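Data block below; observations after.
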Amino acid sequence: MADIKIDAKVFQERISHFVNAWKADKRSGDALFNGASSILILMGKVTEEPELYKNNAIHFPTTLMLLTLDTLYILTTQKKAKYLDQIKGGRFPVEVLVKGKDTAENEKHFIKITDAIKAAGKKLGVLTKDTSTGPFIDEWKKIYTDNCKDVEQVEIAPALSTAAFSVKDEAELRAMRSSSKACVALLTPYFLDEMSSILDQEKKIKHSALADKVYNKLEDEKFWKAVQLPNRQKLPGDFDPEQLDWVLGPIVQSGGKFDLKWQQDSDDEILHPGIIIAAMGLRYKSYCSQIARTFMVDPNKSQESNYKFLLSVHNMILKGIRDGVVVKDVYSKALGLIKSKKPELEKHFLKNVGYGIGLENKDPTLILNAKNQRTLRDGMTLVITTGFSDIQNPNPQDKNSKTYSLVLTDTVRVTAAEPVVFTGEAPVEVDATSFFFKDEDEAQPTPKKEKRDSRVGAVATKNITSTRLRSERNTAVDDDAEKRRRAHQKELSAKKQAEGLAKYAESTADQNGVEVKKFKRFESYKRDSQFPPKVRDMSIVIDQKNATIVLPVMGRPVPFHVNTIKNASKSDEGEWSFLRINFLSPGQGVGRKDDQPFEDASAHFVRSLTFRSTDGDRYADIANQIANLKREAVKKEQEKKDMEDVVEQDKLVEIRNRRPAVLDNVFIRPAMEGKRVPGKVEIHQNGLRYQSPLSTTQRVDILFSNVRHLFFQPCEHELIVIIHVHLKDPILFGKKKTKDVQFYREATDIQFDETGNRKRKYRYGDEDEFEAEQEERRRRNELDRLFKSFADKIAEAGKNEGLEVDMPLREIGFNGVPFRSNVYIQPTTECLIQITEPPFMVLTLDDIEIAHLERVQYGLKNFDLVFIFKDFSRPPAHINTIPVESLEDVKEFLDSVNIAYSEGPLNLNWSVIMKTVTADTHQFFLDGGWGFLQNDSDEENGSDEEEEESAFEISDSELDVASESSEEDSDFDSNASAEASDEAEMSDEEDGEDWDELERKAKKRDRESGLEEEDKKGVKKQKRR
């Protein structure tokens, strides 16, 4: 009791308000105080479980309080009397009498109290239901009986409730609100998490054991500091958990045995997964609050319907509570709603819908029933309890589910409008209080049996499929498609140019496209006391913790942060060793580090410091330490720069009222640390969770708000089936960051050779192999169905974030090398992806500005594809070594998704080009923008069109390359090959021509194209030589 402080000002205000109400009642006819001329409040010996009645307002045990219209008398022990001195000397007189060990002296104090009672009048107001006991009470009753025979005792409880306790001031309401929030915190999340975990794991636990867990949590200070309410808010900063105490329960009921009057503690029956009721009440700074919720596990439709009706009745009662309303009207309206909507529940409805609460756990003068005539006032606090008891269950799951009860309890404050629900953060909706733990088996259609060919036995007709060889792929250019693409590409190029001019309408030039570096400040120590103790020796000290080198300069230790040091070196001259420390300063030479910014480059700088000593080994050690410290600083700076774009996600909101959708036995990429084992993916309220079976800490949470693309790739033509998530912002995966997370399962199993089994005795041929192929196909189809269904569930759960499942279009894919290996790249509706092998490639089409095809020239087997992004600071993406057979398909794809593309015969230096673009983007588009790439393409296309009219020249080296890339050996040059192809087309229409006729036609064409004249000129030149 050493920390007890009494606010004398508040005490004087409250007692003056009470006495004024008492005097006003006397003037109006003593209707409320029953004519009492004095009021006596007793507090005896405190029991282990005290009942919180109005006499608890004294707070001190073994205390007597007599209040008259003029004076307050308090008789208590000497220790308590010291604290009561704080309320003396106010406007309303307070006289404190000290009870000691001297019986005669105590008797004098009791007689003084009885004399004051008789002097005040003949009616003494008392609490008739007071159950205080103890030697102190016995002594008082004996003296009171002897000295106050003519005094009449009258009930004062209604007057205390109305004039003192029921209407709270702001300080009392704050305590009520904090008490209610503590109730909510223990119920949701703590009790809810414990209960759902027990039910989910199908553990058996007694009601009393579960209640004890909640009871003991009251003493856990860490819990109160870290707990979050359902609305994700924490308890008030000034909340003191040491002032919490239990006033009700906690009570846990299930299994058909329910007591909604809360008169029995939690029993030792096992928690039954059906209807579960949890109720509890707490006291904070002497002010009480209560809460109760009903949780339904696998409820049937009847139970859900009754709970929804209970919720509607509860909400109607809350709306009806406001200043000026008579208590009985609240109950009557609720009963009327039940009679009109569900009359069969009338007999199950509780006899009252709540009571007043505050310093008392239950105000018996403010019970909300059909008989109470009291009027509600602004500032009152009530417990609203709406419930139906012992309802018959029409579809019981077992013998413990034949009857059930439903209840909702909230602590509220009465206002002039709708009440403030202090415990409103605890959810009451059906979705939040219903739990579904039964397996939801989706009804799958029975797979149709495949028809077998009677001639082949086990061979399915599906095994005979039409395929096309790769060599049969059509590589011929479609002239009509090419013309259409050219026209469309001109439109796209003009549109891109116009958009660029509009977007960069003003000059955006920076310093030659180079990022302007900012001057950085480094602080080693804030005060002298933080220096290492070794600096007193005036020696060189390496402070690893603060990344600082302390050097003795002019007899004083001077700290230098490692980022101000360029390097350190040690040299020897004779018996002396020299340590030279070079510092960063302007104009130190050329190199990447010469652009180090300085706050004032014209200031004086120390370029270097040199120290000498005969201890060469120490200087060598110092130089090594400085080099290592410098290396660590650079490493940390680089790691910090790499993690700049990593965003810390919000917390995953887990599904508690039912089992989340789960995809089991899947692997994750990037792989987690440790042994490679399959885990499970769960869909929760706002994201996904991958849980490893090795440890509960090995898990990955992905929020829907951070997902940009969701892909499903079937296992057709692949070894794995994939659900791939591409993120908006990278997340930390272990110690590395990633923007792509993938869940997959292998589509193939180990095959066993069943040679020699019983089937082989009666079968000849390949029947077993065909059956194995059929089983493999069925298993792949089942995997595709399972993963596609789960991907759709993810999209459905994240529909508020605009999630949709995207699938790759394998038919228009192509091979290429985006990173190190040759992979198959596939377009989707919104992206161009490669998610089969890491590293993954996901290019969003909306992010692409233009595409450029490199190394597009005759005779080469492959070409390259470069994507330039709308964010010019982002480096271009390269896909190299794409087979030339895919050129037309790639062009058609780019054109179909409205991406402007160009083509050229050479690889371009894109780092230089992008520096030019970012140096002055406005000027870049004024000069024609990406037109320089289109010009190259137009020139190339123009040369192709004039190819038939111009002489074609080719060097020896290019001829070698062309000959290697051709599929057939030929003794002719490229023109002869073209002519041969023309003749091949003519040969389809004619019967055939001999060599003489072909040679005559060839000479005729040479003359027409001017080749013959050039040949003659070449002959004349040879003769002159």
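The values are calculated or read from the model by the stated rules, or taken from the named source; none is laboratory data. All values reported here derive from a predicted model rather than from experimental measurement. Cβ sites come from the backbone with ideal geometry, for glycine too, and all protein chains shown count toward neighbours. Accessible surface is based on the protein model in full, side chains and every heavy atom, while ligands, DNA and RNA are left aside. Shrake-Rupley method; radii C 1.70, N 1.55, O 1.52, S 1.80 Å.
Given Cα positions, please report Rg to Rh for the stretch 822-909, the hydrodynamic radius being the Kirkwood one.
Over the Cα atoms of the stretch 822-909, Rg/Rh equals 0.93.
From zero outward in steps of 10 Å, how is the percent of C-alpha pairs of the stretch 184-342 spread across the bins?
Percent of pairs per bin, in order: 9, 31, 34, 22, 4, 0.
I need the shape label for the stretch 263-390. Rule: rounded when a/c is under 1.5, else prolate if a/b > b/c, else oblate, with a, b, c from the alpha carbon gyration tensor.
oblate
Based on the Cβ-Cβ distance of Leu786 and Phe437, what FRET efficiency does E = 1/(1 + (r/R0)^6) give at R0 = 22 Å, to the nearest 0.05?
0.55
Suppose each label sits 7 Å from its Cα in the direction of the beta carbon; what would the Lys319-Lys45 distance come out to in nanometres?
Rounded to a tenth, the inter-label distance reads 5.4 nm.
Mean projection of the alpha-carbon convex hull of the stretch 53-140 over all orientations, in nm²?
Reported value for the Cα convex hull: 6.1 nm².
Once R0 is set to 22 Å, what does the formula 1/(1 + (r/R0)^6) return for the Cβ-Cβ distance between Val430 and Phe223, expressed as a FRET efficiency to the nearest 0.05?
Computed FRET efficiency for Val430 and Phe223: 0.15.
Using only the Cα atoms of the stretch 326-368, each taken as one equal point scatterer with no solvent, compute I(q) by the Debye sum, divide by I(0), and report log10 of the ratio at q = 0.35 Å⁻¹.
-1.17
For the cross-link pairs Lys101/Lys123; Lys339/Lys399; Lys79/Lys168; Lys80/Lys101; Lys545/Lys640; Lys141/Lys362, which exceed 21 Å when the distance is taken from alpha carbon to alpha carbon?
Over 21 Å Cα-Cα: Lys101/Lys123; Lys339/Lys399; Lys79/Lys168; Lys141/Lys362.
Taking all protein chains as present, what is the carbon and sulfur share of the accessible area of the stretch 292-406, in % to the nearest whole number, probe 1.4 Å?
On the stretch 292-406, the fraction of accessible area on carbon and sulfur atoms equals 49 percent.
How large is the accessible surface of Phe422 in square angstrom, using a 1.4 angstrom probe and rounding to the nearest 10?
10
Ordering Arg699, Arg777 by how much accessible area each has at a 1.4 Å probe, largest first, what is the list?
Arg699, Arg777
For the stretch 364-416 and the stretch 289-350, compute the distance between their C-alpha centroids and round to whole Å.
Going from one Cα centre to the other spans 7 Å.
Tell me, what does the Kirkwood hydrodynamic radius of the stretch 22-181 come to in angstroms if you use every pair of distinct C-alpha atoms? Walk me through the numbers before you get to the answer.
On the way: mean 1/r = 0.0594 Å⁻¹.
Mean inverse Cα-Cα distance, inverted, gives 16.8 Å.
Have a look at the DSSP beta bridges in the stretch 59-103 and tell me what percent are antiparallel, nearest 5.
The antiparallel proportion sits near 40 percent.
If we count every other residue with Cβ under 12 angstrom of Phe893's Cβ, Lys/Arg +1 and Asp/Glu -1, where does the sum land?
My count for the surroundings of Phe893 gives -3.
Per residue, how much accessible surface does the stretch 681-740 expose to a 1.4 Å probe? Answer in Å², no decimals.
42
Could you give me the radius of gyration and the Dmax of the stretch 884-933, taking only the C-alpha atoms into account and expressing both in angstrom?
Rg and Dmax of the stretch 884-933, Cα atoms, are 13.6, 38 Å.
May I ask you to give the solvent-accessible area per residue for the stretch 303-360, in square angstrom, as obtained with a 1.4 angstrom probe?
43
Given a 1.4 Å probe and the protein chains all in place, what does the accessible area of Thr844 round to, in Å² to the nearest 10?
10
Report the convex hull volume per residue for the stretch 604-719, counting only C-alpha atoms, in Å³.
269
With all protein chains present, calculate the accessible area of Ile812 using a 1.4 Å probe and round the result to the nearest 10 Å².
Its heavy atoms expose roughly 80 Å² to the probe.
Filter the trypsin sites (Lys or Arg not before Pro) in the stretch 237-290 to those in DSSP coil with at most 16 other Cβ atoms within 10 Å of their Cβ, and list the result.
Details: sites: Lys257, Lys261, Arg283, Lys285; in loops: Lys257, Lys261, Lys285.
Answer by residue number: Lys257, Lys261, Lys285.
Rounded to the nearest angstrom and ordered from largest down, what semi-axes does the equivalent ellipsoid of the stretch 132-204 get from its C-alpha gyration tensor (root of 5λ)?
After diagonalising the Cα gyration tensor, the semi-axes are 47, 21, 10 Å.
In whole angstrom, and with the biggest value first, how far do the Cα coordinates of the stretch 358-398 range along each principal axis?
On the principal axes, the stretch 358-398 reaches 46, 23, 17 Å in Cα extent.
Quick one: check the C-alpha center-to-center distance for the stretch 541-573 versus the stretch 771-829, whole angstrom.
That distance is 58 Å.
Measure out, as a whole number of angstrom, how far apart the alpha-carbon centroids of the stretch 169-196 and the stretch 89-150 sit.
39
Which of the peptides 742-748, 271-277 is most tightly packed, and how do the rest follow, going by the mean number of other Cβ atoms within 10 Å of each residue?
271-277, 742-748
So how much slack lies between Asp138 and Glu716, counting 0.36 nm per residue of separation and subtracting their Cα-Cα distance, in nm?
199.0 nm
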